[in-house]
Amino acid sequence: MRICFFGDSFVNGTGDGRLVFSFGLNDLAPDDEFGRPRISEGASLQNAHDILSEASAWRPTLMMGPLPVTSSQPRNDQIRSYSEHLKGLCASLGVPFFDAVPFAAEVYETWRREADAGDGIHPNAESYSAFASAIHAWWPWR
């Protein structure tokens, strides 16, 4: 599978037609001084349901789960809980779900070190390379 902008792959014929999604993490990010999320977990899951239902009826669809790798344990716990709900939703829709929680546990220290050296959120090459390898080994990706 080649990762590219959706339209590009159809125009130049390099994509295999699968749709790959990863969303929800920013939905639940604290958005005000009280730590309330941008949208509720329920609304985020409903959006996921609507998007994945339509996408999977059209093309083979995969869902990448969120990574609990923030510097806040309460936030990571929230992400783990959301991931479990998203996993159940994907199972009910027949959409393969990459559970990133076990991967995140394996690479947490490296991810945090790299993220803290940069913008505090995004890591550098080592963590992204490890994440790409984990996804590549996942059977639905092949």
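The values are calculated or read from the model by the stated rules, or taken from the named source; none is laboratory data. Here the structure is a predicted model, which means the values were calculated and not measured. Quick reminder, even Gly has a Cβ in these numbers, built from the backbone with ideal geometry, and neighbours come from all protein chains shown. To get the accessible areas, we keep the full protein, side chains included, count just its heavy atoms, and leave off ligands, DNA and RNA. Shrake-Rupley method; radii C 1.70, N 1.55, O 1.52, S 1.80 Å.
So the values come out like this:
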quantity: Extension gain from ASP77 to ALA137, taking 0.36 nm per residue of separation minus the Cα-Cα distance; calculated: 19.0 nm
quantity: For Rg/Rh (Cα atoms, Kirkwood Rh), calculated from these coordinates, the label among (1) 1.17; (2) 0.92; (3) 0.97; calculated: (3)
quantity: Positive-end residue of LEU67, ALA125, SER92, charge dipole of segment 16-142 with Cβ unit charges; calculated: SER92
quantity: Within the accessible area of the chain (1.4 Å probe), percent carbon and sulfur; calculated: 56 percent
quantity: Expected 222 nm ellipticity per residue - DSSP helices of 4 or more, -39500 (n - 2.57), all of the chain, to 500; calculated: -18000 deg cm²/dmol
quantity: Euclidean distance between Cα centres, segment 25-56 to segment 99-114, Å; calculated: 22 Å
quantity: Helix runs (DSSP H) in the chain reaching 27 Å along axis by Cα, Kyte-Doolittle at least 0.5; calculated: none
quantity: Per residue value of the accessible surface for segment 14-142 (all protein chains in place, 1.4 Å probe), Å²; calculated: 55 Å²
quantity: Selected from SER44, HIS136, THR110, residue furthest toward positive end of dipole (segment 39-142; charges at beta carbon); calculated: HIS136
quantity: Amide hydrogen neighbours beyond the local backbone of LEU62, cut-off 5 Å, H modeled; calculated: LEU19, VAL20, PHE21
